[in-house]
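Some notes on the structure that comes next.
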Amino acid sequence: MQETTLRTPQLAAWLAGTDIGLLELRTPQGTLRLGRQGDEIIELPDEEAEPELLAIRAPSLGVFLHSHPLATTPLVRTGRRVEAGQTIGLLKIGPLLLPVTAPQAGIVDSIHAADGLAVGYGAQLFDLHPL
């Protein structure tokens, strides 16, 4: 990145002569971002990357349940924080209830399977924003 930093004035001068609004140069040592602010070319701070969603998939085939059959409250709702190992859904396989657990702490972004839906092995059930 040091070599890129030494060339920043050259890159800024080149960028000023174009109609390009943003230049982002990525190297193994880091990222350099140059952008326009009025007539000036300035160095922009690095954008923090949005963490990728973690897909939680069915560990088996079965009927997906949002709550225990004897309860009315869902185990989890969209936007709720969950801890690693927390049960967030159930798969009913005959008389057996198999827990679907959060692999790590996070915020539930979306629930893909409807309550009572028959799902196959590997079906996507939830999206989780890892913390």
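The values are calculated or read from the model by the stated rules, or taken from the named source; none is laboratory data. All values derive from a computational prediction rather than experimental measurement. When the accessible area is computed, the model is the full protein with side chains, heavy atoms only, and any ligands, DNA or RNA have been set aside. Shrake-Rupley method; radii C 1.70, N 1.55, O 1.52, S 1.80 Å.
Apolar share of the accessible surface for the chain: 54 percent from carbon plus sulfur atoms, 1.4 Å probe.
For the chain, the solvent-accessible area of protein heavy atoms averages 65 Å² per residue (probe radius 1.4 Å; ligands and nucleic acids excluded). For the chain, the share of DSSP beta bridges that are antiparallel, to the nearest 5, is 100%. Set against the labelled values (1) 1.70; (2) 2.00; (3) 1.17, Cα Rg over 2.2 N^0.38 Å computed from this structure falls on (1). Working note: 222 nm ellipticity from helices only, DSSP H runs with n ≥ 4, each -39,500 (n - 2.57), summed and divided by the residues of the chain, gives -2500 deg cm²/dmol to the nearest 500.
Rounded, prolate or oblate: which one fits region 70-131, using the alpha carbon gyration tensor with axes a ≥ b ≥ c (rounded when a/c is under 1.5, else prolate when a/b beats b/c, else oblate)? Because a/c hits 1.5 or more and a/b exceeds b/c, region 70-131 counts as prolate. Comparing Ile56, Ile20, Ile111 in a Gaussian network model of the chain where C-alpha atoms under 10 Å apart are linked, the largest mean-square fluctuation is found at Ile20.
A Gaussian network model of the chain, with springs between Cα atoms under 10 Å, assigns the largest mean-square fluctuation among Glu43, Glu52, Glu83 to Glu43.
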